[in-house]
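Contents: one structure, followed by commentary.
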């Protein structure tokens, strides 16, 4: 299982893999905190529509480069020991994990701002796309593609 930052097929990486790879690094001796963000599939959209499932795809080479660059950039921050971003790809149902972000650092005050920045950056910068299949308020099933940034596309 690769713990290199990037996109991965659902089921090929776990939180324990990430934590273990961080703890096994020599630099972890300097760490006093690990913060995690786990993005999961919500049952409802912002428009109160029921989510049936999500399908996530990516321009993989570019997404891997972008996520690795974000991690490299954020690791340069004072007190930060490790940053990992792992976005999952495939089909997902409500409550499934979609993304894992880990930040390890010297102190908790160091890791939380970097964790938040990592999440905001991957959502804006990485070419990851999701197809939402929803049930409208009228009971119709509808599907559309969105970028992580929230831009909706008419593809079905």
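The values are calculated or read from the model by the stated rules, or taken from the named source; none is laboratory data. As the structure is a prediction and not an experimental result, all values here were calculated from the model. Cβ sites come from the backbone with ideal geometry, for glycine too, and all protein chains shown count toward neighbours.
The criterion of being touching a strand residue (DSSP E or B) at 6+ places or on another chain (Cβ under 8 Å), farther than 30 Å from residue 25 by Cα and surrounded by fewer than 19 Cβ atoms within 10 Å (Cβ to Cβ) holds for residue 142.
Exactly one residue out of 109, 124, 62 is within 16 Å of the chain's Cα centre (by Cα), surrounded by fewer than 14 Cβ atoms within 10 Å (Cβ to Cβ) and not in a strand (DSSP E or B): that is 124. Taking the stated definitions as given, is residue 44 within 20 Å of residue 144 (Cβ to Cβ), without any contact (Cβ under 8 Å) to a residue 24 or more places away in the chain and over 12 Å from the mean Cα position of the chain (by Cα)? Yes, satisfied. Beta carbons closer than 7 Å, at least 6 apart along the sequence or on distinct chains, pair a first residue in segment 65-92 that is on the phi > 0 side of the Ramachandran plot with a second that is surrounded by fewer than 23 Cβ atoms within 10 Å (Cβ to Cβ) and outside any helix (DSSP H, G or I) for 79/106; 79/107; 90/9; 90/10; 90/56.
Residue-by-condition table, conditions (1) in contact with a helix residue (DSSP H, G or I) (Cβ under 7 Å, 6 or more places away or on another chain); (2) at pLDDT 95 or above; (3) assigned to a helix (DSSP H, G or I):
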site	(1), (2), (3)
71	no, yes, yes
102	yes, yes, no
120	no, yes, yes
133	no, no, no
139	no, no, no
145	no, no, no
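Is it the case that segment 34-52 has a residue that's crowded, with 17+ Cβ neighbours inside 10 Å, in contact with a helix residue (DSSP H, G or I) (Cβ under 6 Å, 6 or more places away or on another chain) and within 20 Å of residue 110 (Cα to Cα)? Checking segment 34-52: at least one residue is crowded, with 17+ Cβ neighbours inside 10 Å, in contact with a helix residue (DSSP H, G or I) (Cβ under 6 Å, 6 or more places away or on another chain) and within 20 Å of residue 110 (Cα to Cα).
Looking across segment 10-45, just one residue is assigned to a strand (DSSP E or B) and either over 28 Å from residue 130 (Cβ atoms) or out of contact with any strand residue (DSSP E or B) (no Cβ under 9 Å at 6 or more places or on another chain) (or both), and that is 33. Tell me, yes or no, whether segment 88-96 has at least one residue that is under 15 Å from residue 122 (Cβ atoms) and either in contact with a strand residue (DSSP E or B) (Cβ under 9 Å, 6 or more places away or on another chain) or at pLDDT 95 or above (or both). Looking for residues that are under 15 Å from residue 122 (Cβ atoms) and either in contact with a strand residue (DSSP E or B) (Cβ under 9 Å, 6 or more places away or on another chain) or at pLDDT 95 or above (or both), one finds at least one in segment 88-96, hence yes.
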